[in-house]
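Worksheet for the structure shown next.
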Amino acid sequence: MPLVTLQAEVSTCTKCLLGHGRTQAVFGRGPIPCDLMFVGEAPGGEEDLQGEPFVGPAGRVLANLMKKAGIKEAYITNLLKCRPRGNRDPEPEEIQACRPYLEQQILAVQPRVLVALGRFAAANLSMTFGPISSLMEVELHWRPMTVDPSTAPRTVEGEPLPVVALFHPAYFLRLMQADRGRARVEMLDAVARLRAAHEEARIPF
């Protein structure tokens with residue numbers, strides 16, 4: 001499905017309760033195709049108003065990390081396309097409702113590397129669950145999944161894509177308030193991981 005058609009479908013989606021309380025759906029932005037694709041957890045308040053991912057304070061942190069890592073372009077989206085009120089964690093049924101949209105985005109963007117921002121993104125892309133600090137230290141992959149009536153309930157197909165797990169940019173905002181020294185150290189680590197992901201995405205197959 002072309003992304004413009006998919007975006008139109010997302011804009012009217014009411015598969016979960018979030019579709020009834022949003023200002024507007026937040027689909028994604030960036031060049032297509034693109035070697036590097038960022039996946040966050042869910043839109044925040046600014047994103048809900050503007051209809052674009054990572055345009056609030058966390059987005060400014062992400063832009064700064066990307067700049068320091070030498071990343072000039074990337075496609076950016078979220079697991080959820082609608083904002084959970086109060087910026088709470090995504091619920092399993094909400095993730096499940098949005099999963100087909102994200103999978104079609106990934107297939108259309110054709111990234112070489114996926115960068116998962118936060119625990120929910122990393123776990124649900126790789127289907128490997130645990131704290132984000134643990135997911136950052138193991139090799140993760142995403143594979144396209146399809147519903148097949150002959151199997152129960154889903155089958156996995158296609159070539160795997162590497163998933164690089166990072167702390168969500170909002171984490172750095174909170175950490176800066178509590179411990180600026182630690183925040184700087186962890187942000188430097190994030191930049192190094194992003195730089196490595198960028199280099200991996202640029203290596204020809």
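Throughout, read-outs are computed from the coordinates displayed, never taken from laboratory work. Note that the structure is predicted; figures quoted are calculated from it, not measured.
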Problem - Antiparallel bridge percentage (DSSP; both residues within the chain; nearest 5) - result: 35 percent
Problem - Selected from ALA42, ALA183, ALA122 as most flexible by GNM, with the chain as the system and alpha-carbon contacts under 10 Å - result: ALA183
Practice task
Report, by chain and number, residues whose modeled amide H sits under 5 Å from the one on ALA42, excluding near sequence neighbours (fewer than 5 apart, same chain).
Solution key: LEU79, LEU80
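Using only the Cα atoms, work out Rg/Rh for the chain, with Rh taken as the Kirkwood radius, to two decimals. Each step should come with its number before you reach the end.
Working: Rg = 16.3 Å, Rh = 17.2 Å.
Ratio of gyration radius to Kirkwood radius: 0.95.
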Completion exercise
Cα-Cα pairs in region 27-145 separated by more than 23 Å, as a whole percent of all pairs, come to 25 percent
Practice task
Show the residues, 5+ positions off or on another chain, whose built amide H is closer than 5 Å to the amide H of VAL164.
Solution key: LEU114, VAL115, ALA116
